[in-house]
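Student: Quick one: the structure is below, questions incoming.
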Amino acid sequence: QVQLVESGGGLVQFGGSLRLSCAASGSSFSLYVMGWYRQAPGKERELVAAITIGGGTNYADSVKGRFTISRDSAKNTVYLQMDSLKPEDTAVYYCNAKLATRVYWGQGTQVTVSS
């Protein structure tokens, strides 16, 4: 069992930055593929970025070059550094952990980018 708690969301102006954190409790954090998803009002949840146990990363085209995902296994934490934010980045951001058939979600954190 893994519990995920996100933090770091908030209101930011166009072009600003935020760093989201996701603290994981439970066992075997280092074995999980970690990801950040987001869901805007009226839209489906979409993958923003993911990081494997080896540190390989994958990003949605819409955030490439602006967002950076990283993980600190010593702290059981995954981060999402978001730069050059745009109003279209406004959404609830969710942390996700996957290991084989096990999938866990955090409660989400709101990110709002004003124009």
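The values are calculated or read from the model by the stated rules, or taken from the named source; none is laboratory data. Not measured: the values here are computed from a predicted model. Using ideal geometry, Cβ is built from the backbone for each residue, glycine included, and neighbour counts are taken over all protein chains shown. Keep in mind that these areas ignore ligands, DNA and RNA; they rest on the heavy atoms of the full protein, side chains included. Shrake-Rupley method; radii C 1.70, N 1.55, O 1.52, S 1.80 Å.
Student: Assuming 0.890 mPa s and 25 °C, estimate D for the chain with Stokes-Einstein, Rh taken as the Kirkwood radius over Cα pairs, in µm²/s. All intermediate terms of the calculation are to be shown ahead of the outcome.
Tutor: Working: Rh = 14.0 Å.
Estimated via Stokes-Einstein, D reaches 175 µm²/s.
Student: Magnitude of the Cβ-charge dipole of the chain, K/R +1 and D/E -1, about the Cα centre, nearest 20 debye? If you can, show how the numbers build up before the last one.
Tutor: On the way: 11 positive and 8 negative charges, 36 e Å.
It works out to roughly 180 debye.
Student: Probe radius 1.4 Å, ligands and nucleic acids ignored: give me the carbon and sulfur share of the accessible area of the chain as a rounded percent.
Tutor: Working: 2990 of 5960 Å².
Of the solvent-accessible surface of the chain, carbon and sulfur hold 50 percent.
Student: Here's a follow-up. Have a look at region 43-86 and give its Rg and Dmax from the Cα atoms, expressed in angstrom.
Tutor: 11.3, 35
Student: Would you mind calculating the relative contact order of the chain from Cα pairs under 8 angstrom and at least 6 residues apart, reporting the percent as a whole number? Write down the numbers at each step before the final one.
Tutor: On the way: 281 pairs, mean separation 41.7, N = 115.
Over the chain, the number comes to 36 percent.
Student: While we're looking at this one, here's another question. Between SER28 and ALA74, with labels modelled 7 Å along Cα→Cβ, what's the label distance in nm to one decimal, could you check?
Tutor: 2.5
Student: A follow-up question, please. Which residue, LEU85, LEU20, LEU31, has the most motion in a Gaussian network model of the chain that connects Cα atoms within less than 10 Å?
Tutor: It is LEU31.
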